[in-house]
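The values are calculated or read from the model by the stated rules, or taken from the named source; none is laboratory data. In this text, all values refer to a predicted model and were calculated from it rather than measured experimentally. No Cβ is skipped: glycine too gets one built from the backbone with ideal geometry, and neighbour counts run over all protein chains shown. Surface accessibility is based on the protein's heavy atoms, side chains included, excluding ligands, DNA and RNA. Shrake-Rupley method; radii C 1.70, N 1.55, O 1.52, S 1.80 Å.
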Amino acid sequence: MRMFIIPCCLALLVALATAENAAEQQQQQQQAEQRSVEAESKDSQRLEKRGASLDEWSHLSHGYAEQHGYQQYQPQQAHYHQQPQHHYQHQHVKYEEPIKTITIEKKYPVPYTVHKHFPYTVEKKVPYEVKVPIPKPYLVEKKVPVHIKEYVKYAVHVPEPYTVYKKIPYEVKVPVDKPYEVKVHVPKPYIVEKKVPYEVKVPVPVPVTVEKKVPYEVKYEVAVPKPYTVYKKVPYEVKVPVDKPYKVDVLKPVKVEVLKPYPVVVEKKVPYEVKVPVDKPYEVEVPRPVKVAVKVPVPVPYTVEKKFPYTVEKPVPYEVKVPIDRPVPVYKEVKFAVHKEVPVPGEFGSIGYPERC
């Protein structure tokens, strides 16, 4: 309901404001039109003094007297009306005097607070150097924040159902011509090592102490609740023998005359300047940051190899007999001797060839 009521109220307020503004604008426009009409009538009533005749001035004064209710101009009015009027048409002009308003402002005294400043002493702290003996060299420990990553185990949502492929090993039959000969190289002769047990004698000192643990019973005292005596204090009257009544001194007030008024010594504190000797300038140790190399272990991802069993197909050589219909020529390399001529130097330094036999 509130969501509907608030917009309706706002719309009503806006409509009222616009209506008031329109009424005010219309009223202002009407007042402006009246002022313009009055100004035009005043402009028409204004006459120049120069060139005005006696009759015109009398009629002007007569109109002013009628407007303001003066009676001293009545005989003149009757006198001038007896005169013949030949060529002029007299017009009665009314003059409107502006209304003057006087506003009186009356002032009322209003109380207000007056802040008065009183002088007071201000103690100012002057820093000065205090030498503290420090053993040198000394250790400076600085706390360096180190970010440590902490691995948190949390459940991971797995959508279900989903297909799981499981590898099942199965036997693959390979056609092999059995039996077939497998040659294994065995060295001849070869050594066969056989383990033969034999007695090993260890020297032992005589006599030998052998500690043997023998269990035995240990008795422990067990606390058992038992009745115990309770002593109860009973108050009773004790009569103290007194011989006779004795005198007791009682302090009585004593009258002391006090002179009023009496002089009282009042100590008044007078501020004065205290000069503190300060060596200027003086050294001030400023702590500066020192860079310290801190090795932060950063976790590095590493590969994890997981072994899964799988079948390995091993090729087994076996003889395959291929039937041949006809004989096929087989080319074979046969080595034979070839005589090659080699040049040999002759008798006169020329190169010659040896004579063939």
Give me the lysines in straight-line cross-link reach of residue 131: C-alpha distance below 26 Å, same-chain residues under 8 apart excluded. 142, 275, 280
Heavy atoms of the protein only, probe of 1.4 Å, neighbouring chains included. What is the accessible area of residue 243 in Å², nearest 10? 150
Per the C-alpha gyration tensor (a ≥ b ≥ c, the square roots of its eigenvalues), the stretch 243-323 is rounded if a/c is under 1.5, else prolate if a/b beats b/c, else oblate; here it's oblate
Find which of 138, 162, 122 sits farthest along the positive direction of the dipole of the stretch 121-186, computed with +1 on the beta-carbon of Lys and Arg, -1 on that of Asp and Glu, about the Cα centre. 122
Please calculate the 1.4 Å probe accessible area of residue 273, with all protein chains present, and give it to the nearest 10 Å². 150
Global form of the stretch 189-299, assessed from the alpha-carbon gyration tensor, a/c cut-off 1.5: oblate
Per-residue SASA entry for residue 210, accessible area with 1.4 Å probe, Å² rounded to 10: 120
With every protein chain kept in the model, how would you rank 256, 206, 186 by accessible area, 1.4 Å probe, largest at the top? 206, 256, 186
Straight-line reach from residue 212: which lysines have a Cα under 30 Å away, not including same-chain ones fewer than 8 places off? 201
Taking a ≥ b ≥ c as the square roots of the Cα gyration tensor eigenvalues, with a/c under 1.5 meaning rounded and otherwise prolate when a/b beats b/c, else oblate, which class fits the stretch 95-194? oblate
Among the listed pairs 173/321; 173/332; 166/314; 173/194; 173/195; 116/268, which have their C-alpha atoms separated by more than 31 angstrom in this model? 173/332; 173/194; 173/195
Between the stretch 243-273 and the stretch 116-155, what is the C-alpha centre distance in whole Å? 54
Of all the accessible heavy-atom surface of the stretch 291-330, with the other protein chains kept in place and a 1.4 Å probe, what percent is carbon and sulfur? 62
